[in-house]
């Protein structure tokens, strides 16, 4: 395990300063007034990790983002991961390598979709986001990645940077850039930029400044047009990563107004988007939203607060929404020990997708660190 | 007995049971509610009715707030296969939205004329011959923007002038009108139209169609008459002429607004409104929803809360009680229309007896069917739902035996757990063995629910991807696809059985998250022949049926 890797990962990806597990526990008690969120989130991360390791042992397949988030949760809470589990995960992640990038799950996963499997263009291709998770999983597990492998991954990422500066693989998902989902393209561009930035530090013989600047320019250009907190977050993170001195050019007042428009009226964090942002894709006109439901989320609140934190770090005076974070975290604590709010579609009784997720549980663990900016 | 006889004469024989509307109203003290889960929305409403039972068993019903709207119907309504098919059709394609404090329409949306006529007749059977209807046709103006259609409109204009339609402008005036600039044309429109055009101009996707606006305003009246006459012709071709009080009306939308994407493309929808029936919307939806729920749950008696006496009573369990059974082999070997025309002959299934079942063969496709197809309420409700929600173009169901209609397929679309469950249970009664199950299924998500779907990805830390330049293909970002599959199975538990047959998810133009079931090839004619005959030729079924009243499967 590499503490240094975790430290830089937390700083770069989650804007949180790494401290020891004991320090994290104390930070939780200071911030939330008790250790309960820490304990449940810690237990959830371990429970999920154990489950995934068992799945791998039984020959089943596991998604990389899940492995990455619960492993990170376990490591920052100081949980012992036995060597067998580490080897099992390492072997699995290494097996996902394809063309230099990484798949998000084993190729065998596609066996259950005969028609997709038989398609002329396979959907099982390495993606930028899955390569990011795989690479950093290997790093935090302490895997020694050969220079030739790093070069391969770097070349693969660079090959998927488009002339616009955005980074994504369009081998299967060949959707025009204008019709790609903004959260997808901004997230993948950030992940791609982060990979280029990290790997290029280990390969100083190569100069990737142009790629990074192209990605940053794309991000600067996109900033104002984006409607969701997630996409703005990833775009801002891209700018911060490549050219932090340009952050002040994005417009802090507009950015805070944007966040304010997405703040929950009940003081429970941030929505990712406003219902009024829903548009008919073809007509670019507003949708009827009378029966739609919306909820603030842990991820959008974390990302919104991070945007504020970055603004503050760049000299803008503001107060982080601590009370909102605390209220939402309490509300998002679920019986399974994980954290997350429901996504609901109209009157469908079942929540749309998972309620607790490994990422949101990790974000709850990190809230006291990310928000620690002395304001 | 008279009622039963009457019902038998009018539709497929042998009733399933009956509804006692007087008991429903009496036990509810006139306060009628319904809950119907539809398109991801719990439709619900409560209305208060006054009612009186006359000595001749005629029931008078009126909304408590307005005794001017009065409905006089029989106290007892016999449930027969036609009414159950009708219920399925209305659940699929009928207006179910209710608006508190304002009128909710009773309207059926269907372009295919045989189906629309069947529904119209069933409304008359249920609520009396005094009902009147408005047939509404809605079309996008882009439909008319081709040389062929312009020619048709010009010819119709000439005919109308000959017929003496006096408010048409002269040919010279029309030529001049078409040369005018858009601004001057819009200026003279009523304020509502001006507002609509202003809104229209702001939509990026519609700007390319603005060049058609002057032509649209010049020909709007002719377009409207063209569609009204077309509708009248279509209705006449089904053999059911309009009653004197029925109306036809067409509405032409600004180019591109209704959904046509290019000149010449149609985006037509047809509605059948029951005139003046809004006050009885709640009562009607209560009847429909209780029919569906009792069938889905296999309950033979439906009582109002706190009452022991049923207001809706099936003659037996709705999955088992059989009104009559069709002699499968005889029907498909001998009955009119149970096959497809080829160049030289009429093709039918090859049918072999195999112990207790029949083996049907059509080309390389084979399937097993029962020797007697039992007409249970479950099967009839499925037929109605299929005719509304089936993926087969509806006109093919009514034309396959007389014309070359191209390929046929059996597929069913649903967003409601009850519909999926009814479809899968009914198919088990119609087809024997493995082939009664869908071959595969997929999830479709309308553009409006993309934000919720992307949110799933954000919660997990994944991204939503899709195939196709415009994003019209299968979704990837398998973390999200996996979550969608789990959600769908939880929401529609009938799918659990075919969990492994999930194929893919895709983002599509409109609509709530829903599923498409795709069935194996081979039994299209087997199903469509029966559906067609229930609606248009019940005697074809009667000629090959046994009538063991109350036979249990």
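The values are calculated or read from the model by the stated rules, or taken from the named source; none is laboratory data. Computed from a predicted structure; not experimentally measured. Note: ideal-geometry Cβ built from the backbone for every residue, glycine included; neighbour counts use all protein chains shown.
Considering only residues of the stretch B:503-524 that are more than 14 Å from residue B:413 (Cα to Cα) and facing chain A (nearest Cβ under 9 Å), which is surrounded by the fewest Cβ atoms within 10 Å (Cβ to Cβ)?
B:509
Of the residues B:207, B:221, which is loosely packed, with under 14 Cβ neighbours inside 10 Å and assigned to a helix (DSSP H, G or I)? Working first, answer last.
Working: B:221 fails: loosely packed, with under 14 Cβ neighbours inside 10 Å.
Testing whether each residue is loosely packed, with under 14 Cβ neighbours inside 10 Å and assigned to a helix (DSSP H, G or I) leaves just B:207.
Hey, among B:203, B:208, which residue is within 14 Å of chain A (Cβ to nearest Cβ), modelled with pLDDT under 90 and touching a strand residue (DSSP E or B) at 6+ places or on another chain (Cβ under 6 Å)?
Numbers: B:208 fails: touching a strand residue (DSSP E or B) at 6+ places or on another chain (Cβ under 6 Å).
Of B:203, B:208, the one residue that is within 14 Å of chain A (Cβ to nearest Cβ), modelled with pLDDT under 90 and touching a strand residue (DSSP E or B) at 6+ places or on another chain (Cβ under 6 Å) is B:203.
From the list B:264, B:276, B:259, which residue is part of a loop (DSSP other than H, G, I, E, B) and within 20 Å of the chain's Cα centre (by Cα)? Steps first, please.
Values: B:264 fails: within 20 Å of the chain's Cα centre (by Cα); B:276 fails: within 20 Å of the chain's Cα centre (by Cα).
The unique qualifying residue is B:259.
Working only within the stretch A:170-196, note down all residues that are more than 9 Å from every other protein chain (Cβ to nearest Cβ) and surrounded by fewer than 20 Cβ atoms within 10 Å (Cβ to Cβ).
A:170, A:171, A:177, A:178
Residues that are under 19 Å from residue B:460 (Cα atoms) and touching a helix residue (DSSP H, G or I) at 6+ places or on another chain (Cβ under 6 Å): list the helices (runs of 4 or more DSSP H) wholly contained in the stretch A:1-107 that include at least 1 such residues. Please lay out each step first, then the result.
Details: elements: A:3-14, A:21-32, A:36-57, A:64-76, A:83-95.
Of the helices (runs of 4 or more DSSP H) lying wholly inside the stretch A:1-107, those with at least 1 residues that are under 19 Å from residue B:460 (Cα atoms) and touching a helix residue (DSSP H, G or I) at 6+ places or on another chain (Cβ under 6 Å) span A:3-14, A:36-57, A:64-76, A:83-95.
Which residues, taken from the stretch B:18-39, are under 25 Å from the mean Cα position of the chain (by Cα), farther than 15 Å from residue B:280 by Cα and buried (at least 19 other Cβ atoms within 10 Å of the Cβ)?
B:18, B:19, B:36, B:37, B:38
Let's see how each residue does on (1) in contact with a strand residue (DSSP E or B) (Cβ under 6 Å, 6 or more places away or on another chain); (2) exposed (fewer than 15 other Cβ atoms within 10 Å of the Cβ); (3) free of Cβ contacts under 8 Å to residues at least 40 places away in the same chain:
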| residue | (1), (2), (3) |
| --- | --- |
| A:31 | no, no, no |
| A:39 | no, yes, yes |
| A:44 | no, no, no |
| A:49 | no, no, yes |
| A:53 | no, no, yes |
| A:92 | no, no, yes |
| A:96 | yes, no, yes |
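Among the listed residues A:185, A:239, which satisfies the condition of being more than 26 Å from residue B:456 (Cβ to Cβ) and not in a loop (DSSP other than H, G, I, E, B)? Break it down stepwise before answering.
On the way: A:185 fails: more than 26 Å from residue B:456 (Cβ to Cβ).
One residue alone meets the criteria, A:239.
Across the stretch A:108-133, what is the number of residues that are surrounded by 14 or more Cβ atoms within 10 Å (Cβ to Cβ), in a helix (DSSP H, G or I) and in contact (Cβ under 8 Å) with a residue 40 or more places away in the chain?
Going through the stretch A:108-133 one residue at a time, the tally reaches 7.
Give me the residue from the stretch B:347-395 that is without any contact (Cβ under 8 Å) to a residue 60 or more places away in the chain and touching a helix residue (DSSP H, G or I) at 6+ places or on another chain (Cβ under 7 Å) and, out of that set, nearest to residue B:89 (Cα to Cα).
Among residues in the stretch B:347-395 that are without any contact (Cβ under 8 Å) to a residue 60 or more places away in the chain and touching a helix residue (DSSP H, G or I) at 6+ places or on another chain (Cβ under 7 Å), the one nearest to residue B:89 (Cα to Cα) is B:379.
Tell me which helices (runs of 4 or more DSSP H) are completely within the stretch B:86-187 and hold 1 or more residues being closer than 21 Å to residue B:270 by Cβ, or say none if there are none.
Details: elements: B:113-127, B:147-163, B:171-179, B:182-187.
Fully inside the stretch B:86-187 and qualifying: B:113-127, B:147-163.
Taking the stretch A:81-107 on its own, how many of its residues are within 17 Å of residue A:54 (Cβ to Cβ) and more than 9 Å from chain B (Cβ to nearest Cβ)?
Total satisfying the criteria: 14.
Just for the stretch B:476-487: of the residues that are within 18 Å of residue A:186 (Cα to Cα) and more than 7 Å from chain A (Cβ to nearest Cβ), which one is surrounded by the fewest Cβ atoms within 10 Å (Cβ to Cβ)?
The residue in question is B:480.
Check the stretch A:240-263 and report whether any residue there is in contact (Cβ under 8 Å) with a residue 60 or more places away in the chain, within 11 Å of chain B (Cβ to nearest Cβ) and over 27 Å from residue A:178 (Cα atoms).
No; the residues of the stretch A:240-263 include none that is in contact (Cβ under 8 Å) with a residue 60 or more places away in the chain, within 11 Å of chain B (Cβ to nearest Cβ) and over 27 Å from residue A:178 (Cα atoms).
Filter the stretch A:134-148 down to the residues that are closer than 19 Å to residue A:64 by Cα and either in a helix (DSSP H, G or I) or within 12 Å of chain B (Cβ to nearest Cβ) (or both) and list them by number. So that I can check it myself, show each step before the final result.
Narrowing the stretch A:134-148 to residues closer than 19 Å to residue A:64 by Cα: A:134-145.
Across the stretch A:134-148, the qualifying residues are A:134, A:135, A:136, A:137, A:138, A:139, A:140.
Here's a check for you: in the stretch B:451-475, which residue that is more than 7 Å from chain A (Cβ to nearest Cβ) and at pLDDT below 95 is surrounded by the most Cβ atoms within 10 Å (Cβ to Cβ)?
B:475
Restricting the search to the stretch B:242-256, which residues are farther than 16 Å from residue B:111 by Cα and within 21 Å of the chain's Cα centre (by Cα)? Spell out the reasoning first.
Pass one, the stretch B:242-256, residues farther than 16 Å from residue B:111 by Cα: B:243-246, B:253-256.
The answer is B:246, and nothing else.
Every residue in the stretch B:408-450 that is within 13 Å of chain A (Cβ to nearest Cβ), more than 30 Å from residue A:182 (Cα to Cα) and surrounded by fewer than 22 Cβ atoms within 10 Å (Cβ to Cβ), please.
B:417, B:439, B:440
Residues that are closer than 30 Å to residue B:532 by Cα, part of a loop (DSSP other than H, G, I, E, B) and in contact (Cβ under 8 Å) with a residue 60 or more places away in the chain: does the stretch B:226-238 have at least one?
First pass over the stretch B:226-238, keeping only residues closer than 30 Å to residue B:532 by Cα: B:226-238.
Cutting the leftovers down to part of a loop (DSSP other than H, G, I, E, B) gives us B:238.
Retained after the next criterion (residues that are in contact (Cβ under 8 Å) with a residue 60 or more places away in the chain): B:238.
For the stretch B:226-238, residues closer than 30 Å to residue B:532 by Cα, part of a loop (DSSP other than H, G, I, E, B) and in contact (Cβ under 8 Å) with a residue 60 or more places away in the chain: present.
Consider only pairs whose beta carbons are under 6 Å apart and that are at least six residues apart or on different chains; among these, list those whose first residue lies in the stretch A:300-325 and is within 14 Å of another protein chain (Cβ to nearest Cβ) and in contact (Cβ under 8 Å) with a residue 60 or more places away in the chain and whose second residue is surrounded by fewer than 23 Cβ atoms within 10 Å (Cβ to Cβ) and assigned to a helix (DSSP H, G or I).
Filtered contacts from the stretch A:300-325: A:304/A:259.
How many residues does the stretch A:197-241 hold that are crowded, with 24+ Cβ neighbours inside 10 Å and under 19 Å from residue A:136 (Cα atoms)?
3
Among the candidates A:53, A:62, single out the residue that is under 30 Å from residue B:439 (Cβ atoms) and at pLDDT 95 or above. Steps first, please.
On the way: A:53 fails: under 30 Å from residue B:439 (Cβ atoms).
Just one listed residue meets the conditions, A:62.
Filter the stretch A:330-349 down to the residues that are at the interface with another protein chain (Cβ under 7 Å from one of its Cβ atoms) and at pLDDT below 95 and list them by number. Quick ask: steps written out before the conclusion?
Taking the stretch A:330-349 as the starting set, the residues that turn out to be at the interface with another protein chain (Cβ under 7 Å from one of its Cβ atoms) are A:340, A:343, A:345-348.
Matches in the stretch A:330-349: A:345, A:346, A:347, A:348.
Taking residue A:361 as the residue in question, decide whether it is more than 9 Å from chain B (Cβ to nearest Cβ), under 18 Å from the mean Cα position of the chain (by Cα) and on the phi < 0 side of the Ramachandran plot. Steps first, answer last, please.
Values: more than 9 Å from chain B (Cβ to nearest Cβ): yes; under 18 Å from the mean Cα position of the chain (by Cα): yes; on the phi < 0 side of the Ramachandran plot: yes.
Yes.
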